Amino acid sequence: MMASNYNAKEEDGHQPAAIGHGGAGTVKNKKPDNTAFKQQRLPAWQPILTAGTVLPAFFVIGLIFIPIGIGLFVTSNNIKELEIDYTGGDMSSPCYNCSQSYSWNSTKPCTCSVPFSLDQPFESNVFMYYGLSNFYQNHRRYVKSRDDSQLNGDKASLKSPSKECEPYRTSDEKPIAPCGAIANSLFNDTLELYYIDPNGSRTAIPLVKKGIAWWTDKHVKFRNPGGNDNLTVVFQGTSKPVNWRKSVYELDPSDPDNNGFINEDFIVWMRTAALPTFRKLYRIIHKKPNMTPTLPLGQYILEVTYNYPVRSFEGRKRMILSTISWMGGKNPFLGIAYITVGSVCFFLGIVLLIIHHKYGNRNHSADIPS
Amino acid sequence: MAREKIGETEVVNVKKQRKKCKKEHKTRTVHSNILYDRTKGEDNPNRHYSDNEIKTTKYTLLSFLPKNLFEQFHRFANVYFVFIALLNFVPVCNAFQPQLALAPVVFILSVTAIKDLWEDYRRHRSDKEINHMDCLVYSRYKHQYMERFWKEARVGDFIRLRCNEILPADVLLLSSSDPDRLVHIETATLDGETNLKQRRVVCSFLDLDCDFDPSKYNSVIECEKPNNDLARFRGYITHRSGRRDGLYKDNLLLRGCTIRNTEECVGIVIYAGHETKAMLNNNGPRYKRSKLEKQMNVDVGWCVIILLVMCLFSAIGHGLWMYQYGDKRPVFDVLSPEGAELSPVLSAIYLFLTMIIVFQVLIPVSLFVSIEIVKICQVYFIHQDQDLYDEETDSHLQCRALNITEDLGQMQYIFSDKTGTLTENKMVFRRCTVAGVEYSHDANGETILQSLSQLPSDLTDIIDFFIALTICNTVVVSSPNQPRQKVGTDRLTSNSNSSSSSSLNRSSHRECSSVLSSPSAESTLTKLDEEHHLGGSVGLEHAFSPVPPHTTEGEPGALEEGELRYEAESPDEAALVYAARAYKCSLVGRLPDQVTVELPDLGKLSFELLHTLGFDSTRKRMSVVVRHPLTDQITVYTKGADSVIMDLITLPSTDDSKGKRQRKILYKTQNYLNLYAADGLRTLCIAKKVMTKEEYAVWLRHHLEAETAIQGREELLFQSALRLEINLHLLGATGVEDRLQDGVPETIASLRKAGLQIWVLTGDKQETAINIAYACKLLEPDDEIITLNADSQAKFLSSDPSRSFQKDYAPAYSFPPPPPSPSSSQTQSFLVHRLGLVIDGRTLAYALDSSLDEKFLQVARSCRSVLCCRSTPLQKSMVVKLVRNKLKVMTLAIGDGANDVSMIQVADVGVGISGQEGMQAVMASDFALPRFRNLQKLLLVHGHWCYSRLANMILYFFYKNAVTLIFWYQFYCGFSGSAMIDQWYLIFFNLMFSAFPQLITGTLDKDVSSETLQELPQLYMNGQNSEEYKPYMFWMTMIDAFYQSLVCFFIPYFAYADSDVDLLTWGTPITTLALFTILIHLGLETKTWTWMNWVSITFSVGLFFTVALCYNASCPTCYSPSNPYWTMQRLLREPLFYLLCVITPVAALLPRLVRGRCVSVLLFKSPLLLITAFHVYSKELVFLSQCSVWCVSVCVKSNVICHVPNTTGVVDRTVKC
């Protein structure tokens, strides 16, 4: 009897919530939605690493990586590459005399010839690079010391280059074109190759100087102000960079398409190297139409017009001749890396397999100890 | 004229008052605004008080930007980033394009600012709405009440309020349309309690017959300064006549409450606007810092140190690099923009600053924002959990503190209240004992009936007992059909025959307050005897037998009675009143000065209620002082905890039969009380005292003094109550059952398996507490129980069980202890080493003393469960504080009532149960649960998840930011602070490209499924021991990041060594493969992959390539100093790029895969673990998933049976470790 009484009260006790707030209407049910997302029951894949999944994975990685590595290694080894250091730090070196000069602006050009020989012929296109060592083209202030708008042919920037170019912004009250430290330190050695015929006569090897820069650089990023005609007029009122011997419109007077800011040697230089030891594409020796190798084996002479001083920073200058494969220049590292990682995976797979077998068998005898 | 005069004198008074005010500054003086010309006028003494316009917005349109920025810059991280961004504007050390360097800071600041702005706008809207609500304010000119906006009401204004209106300010009640000069208010918005509360008109205005006329009011109110104590209001009102009356909290209507049941009332505004108690209480969400975050901040500090070391290293390197060139300045070493040549030392110093900019990502800025986002998501998910929803009450879990979710996963101690937390707090009256005779509630009809034929003194006791049950409380009566309508208080209509005089004429009415036609000095006893003889046993049988429902419906009078509903502040009171009603002794009306009770055959009796001395936890009892309508005697009814009441009972000193009988009754009652307690019933003793007029007069004088005192009133009232509650006569005792909540024993068992120590702190008596503890499996029958009951500190010291405990491990103390000299006596018992400690409040006070607390903790720690009985709220919080501070553990306090508030606030995590006892605990808590059993899922599942997710996310953040590829590059660029990664990538890498997947993983990842976590509570220990984020793990992460950055740097380095690659063509692949490595690393850390993980990772990679391609194609000259034109496009054509992207992540993550997943268990854990691991896994699992690793480590540590989820994730193997 009492119980019923009490229950009645209990029920009553809940009513005021509904009625008490006068016409609040039906009480909203606050029950959360039963959706997989809200209840954190989204279907999920749980990658649990077991012997069954991990061992094959190791083996598969190993089996894929090792052939790739071998392939890369072989490709890299097939690339022919020749490197000649012509810095001339040595007394015996032909360029010793030239290298002693510190100056950027010595009036008398210094030339030296470095003989070398090829042991094997270079097939297909040969790329000729110049290489610099210890040259920090990636120095923070150096990298920034340029004016992209000026190089893009913007006339306003031509007359008043960006402040980033300081301290190579103006010279003699005139704006420098191209301004900045990168342009100022343009590599200005001239390299020429001669093949010494067995009979002793020198044949100049044709070096193509176009097509060495990125297409986008040449056609989009770098532009001469006011088109390519009559650069002398355009660049009037500007000053040449202090280290330069000639103005920017004299870089290649023979070819208006390779002169001024769109000079490809200049463009290549302006693409700052990532590391202090770098090479930059200088010339291309195109494959000959006939079956003869591009560079047959034999004696050669590298004629250097030695302008670029590197002694101040202990730099080295090199000339590199290299063929190229689908993966770039000669570099065995990636092949070795692939082989190494692949082998490590394979080895780990084997070790774990052994552990798995050994302990797996032992466990069979003592399965679920009491 | 006269009015003006009054005004003048008033001004003088005011000046005096003001002087006083300045002197004291402890009170507020309020005058009527009617007396002054303008409410803001020079002479108005109220003009200094704030008006009623509320403004909770933080900003105005003008101040938003400066103020918001100022606030945001209180965060160290933001300051740091602004510092770095500004550093970029210094020409000598700028590393990035200065504008771009501002991007991350601006981004983060603006995200926060937009969030703040939105919140502020919403506050503004609601403020506006509230400020423009209407209220009736008395106008001085129109001499009537005018509609005004809330914001126009001022202190000193008269306000008329009608039924169901909300109070615009704190108002002192001056008049009410209610004949009893009462106002009922609902305080749900303040404390969540829905029961009505009565407020009454200031006593000096009680006698007004006609409507209150504000223009005639000229009293001065002096009261406290605004404060936030809802339960306190003190002051006095001084009338023209010089009469002073005290003001109490009963006279004050608080802002935000709703007027109910009252047609109209008038009051004067005392506190307005922001000075109202409701607004002062509104202090926003609480901020706690979690344990994990504290740990994280230490490691952020380490990051700063690492950053500085790296910068210093680079700076020295740069100095040396410069030095080696000597005077021969190389062509690539560009002069500073000013053209000045820098010495190596100076440029090293500049470089140091530059490096701070370059390495800024090492300090994870976005970490703080990300953690906030993840926590909000976690709170959302916890909130959405259906298992934490209670159908019955339609209530959710509420997260009130948003930033300590992960603390839930690290709890070590739980402090629980008993009543309402472990139990339902739905009281059911079970049994009672009256005058030494025990009646059980089920068979009560018979037993009480039989007793009636016994001695008449018994009978009076029974009647008194029921009267006490009925009136000794603060229950408000209302009718369910017309909610909030007062019922049965209408003296005029129901008993017009007896009280012919106007009920408003109180002084006369008091003399003849009886509703019965026999107001003569007949005693109750004679009256009842008469009844007995006249009506015979039949009448009495009818009188005290429970009314069956059908008869109730049959009788019209009873029907009316049955419709009454009681609203009580505590469920005990309601249970007692309902129980009394079942015996036809029903409460039909309650007024502040009168209680009407309907008794069988006697009809309605109106007791004049002289005083109510409310319940407090120190006295543990409440009393009412009434004038008995039949005898006209001053009678005190007291109801309270048996321990205190029993001490206050006086026995007749004489050795006559009466004295003996009394002693016997006392003894019997005590026995029954013990029995009740053993049954787990809550016991209350009911006692009575009849006072002579002289005694009462003496007491009354002191009491009135106490009531009118402003300073120390509580203490004086307390003393006054103590003086009253002596020499009581025992009537009986009640036993009220409080059922255990569903699932409590299971929850406690599983929480305990999870390694949580559970202490129960209750105000209940020892026997009841122990009983409940057994019922909810907190104590096992074969546990040994140490009971600590001591009278003095010395005894506690001597009974200190730790010594004996260590000596012979057999400290089973006697239970139950003999009352007079408790202390301890040893008895040898079982060899079970499971101990339970029971300590009572008095002993606890000694134990908490600083000299003994160490020992107490020592004992308590060795016990499996601790039970503190009879503890006061303060003691509860002291226990929590003691354990928290001394043991350096994470504590959680859970409770439902106001007495748990202090404990909830002290604990690391406070959990409130939104139960029967109002909302105070919930308001103070960090999390509010509907039921106790929800704690299991909240801690074991959500706590674990939140902890493990956040811990992993934080470690991942440190890792991600520590992959400092640029540092290695410094060796190759002359330590010049150059970066091969484009500044855009560098800045947006952490902000955008790699930000989303970790947020998804941090929000959704589940290392162990919810089912497994609940099935294996042991897994919770993982969080308790901070296994996911230990200090060494930070360094492991750093070493891993170090290694991975080495791999990510040097593989491309060697792959491109001595080639014609340029800066960005080389740096972009590095960025790409660093992104891949970081994402795959996250993939390895992710334990569950949902479609969202896939989407987020795909999105990240896609975003990176899209941004890179667009960026590299957009403008050839815009992004000085870098010029990445067409770089990405060209790279995508190169096979080398893809080859690098494959090998580098594999090489970088191989060690982690092998060490993290396979070997770490074998190398770094104990040999035992190794064996176990192989035993468990060798068949299916060579490589242990993270989950299994814990399983094993938990297994080894706790020596318990452990299930191991195998490949299929199903628990199917059981291994005993």
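Values quoted throughout were computed directly from the atomic coordinates according to the rules given, and no laboratory measurement underlies them. Nothing here was measured: the structure is a model prediction, and the numbers come from that model. Reconstructed Cβ throughout: ideal geometry from the backbone, glycine too, with neighbour counts over all protein chains shown.
Quick rundown of the values:
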read-out: Distant-in-sequence amide H partners of B:Glu598 (H built 1.01 Å from N, under 5 Å); value: B:Ser586, B:Leu587, B:Val588, B:Leu605
read-out: Inter-probe distance in nm under a simple model that places probes 7 Å from Cα toward Cβ, at A:Glu250 and A:Gln120; value: 4.5 nm
read-out: Residues B:Val911, B:Val625, sorted so that the one with the fewest Cβ neighbours within 10 Å comes first; value: B:Val625, B:Val911
read-out: Extended-chain gain in nm, criterion 0.36 nm per residue less alpha-carbon gap, B:Gln905 and B:Asp134; value: 273.8 nm
read-out: For the range A:95-135: span of alpha carbons on each principal axis (Å, largest first); value: 39, 23, 18
read-out: Built amide H within the under 5 Å cut-off of B:Ile785, gap 5+; value: B:Tyr813, B:Gly836
read-out: Residues whose placed amide H lies under 5 Å from that of B:Glu224, excluding near-sequence neighbours; value: B:Arg28, B:Arg234
read-out: In order through the range B:357-363: 3J(HN,Hα) via Karplus (6.51 cos²θ - 1.76 cosθ + 1.60), integer Hz, x for Gly, Pro; value: 5, 5, 8, 3, 5, 4, 8
read-out: Contact order normalised by residue count of the range B:27-159, Cα under 8 Å, 6+ apart, percent; value: 34 percent
read-out: Cβ neighbours within 10 Å from other chains - mean over B:388-395; value: 3
read-out: Relative contact order of chain A, pairs being alpha-carbon contacts under 8 Å that are 6 or more residues apart, as %; value: 33 percent
read-out: Kirkwood Rh and Cα Rg combined as Rg over Rh, evaluated for the range A:148-215; value: 1.26
read-out: Cross-link reach list, lysines versus B:Lys26, counting only Cα pairs under 20 Å and skipping chain neighbours closer than eight places; value: B:Lys15, B:Lys16, B:Lys225, B:Lys249, B:Lys277
read-out: Computed [θ] at 222 nm, helices only, for chain A once each DSSP H run of length n ≥ 4 contributes -39500 (n - 2.57); value: -9000 deg cm²/dmol
read-out: Translational D in µm²/s for chain A (Stokes-Einstein at 37 °C, 0.692 mPa s, Kirkwood Rh from C-alpha pairs); value: 121 µm²/s
read-out: Average projection area in nm² (convex hull over Cα atoms of the range B:26-134, one quarter of hull surface); value: 11.7 nm²
read-out: Fewest-first sequence of B:Phe1104, B:Phe76 by Cβ atoms within 10 Å of each Cβ; value: B:Phe76, B:Phe1104
read-out: Spatial separation of Cα centroids for the range B:939-1016 and the range A:212-284, in angstrom; value: 45 Å
read-out: Full-stretch length increase - A:Glu314, A:Trp215 - with 0.36 nm per residue and alpha-carbon distance subtracted; value: 32.3 nm
read-out: Table column - 3J(HN,Hα) (Hz), the range B:1012-1021, Karplus curve with 6.51, -1.76, 1.60, x for Gly and Pro; value: 4, 4, 7, 6, 10, x, 4, 4, 5, 4
read-out: Whole-Å distance, taken between Cα centres, linking the range B:1034-1048 and the range B:854-881; value: 46 Å
read-out: Full-extension gain in nm, B:Glu714 to B:Ser440, via 0.36 nm per residue minus C-alpha separation; value: 94.7 nm
read-out: Cross-link pairs A:Lys30/B:Lys197; A:Lys38/B:Lys115; B:Lys291/B:Lys418; B:Lys876/B:Lys1006; A:Lys108/B:Lys328 - those with Cα-Cα distance over 32 Å; value: B:Lys876/B:Lys1006
read-out: FRET E, pair B:Ala775, B:Asp250, Förster distance 41 Å, beta-carbon r, rounded to 0.05; value: 0.55
read-out: Order of B:Met1038, B:Met878, B:Met296 - criterion: other Cβ atoms within 10 Å of each residue's Cβ, fewest first; value: B:Met1038, B:Met878, B:Met296
read-out: All-pairs Cα distance distribution in the range A:35-105, expressed in whole percent, bin size 5 Å; value: 3, 11, 8, 7, 7, 6, 8, 8, 7, 6, 6, 5, 5, 6, 4, 3, 1
read-out: Between the range B:586-604 and the range B:317-376, the alpha-carbon center distance in angstrom; value: 87 Å
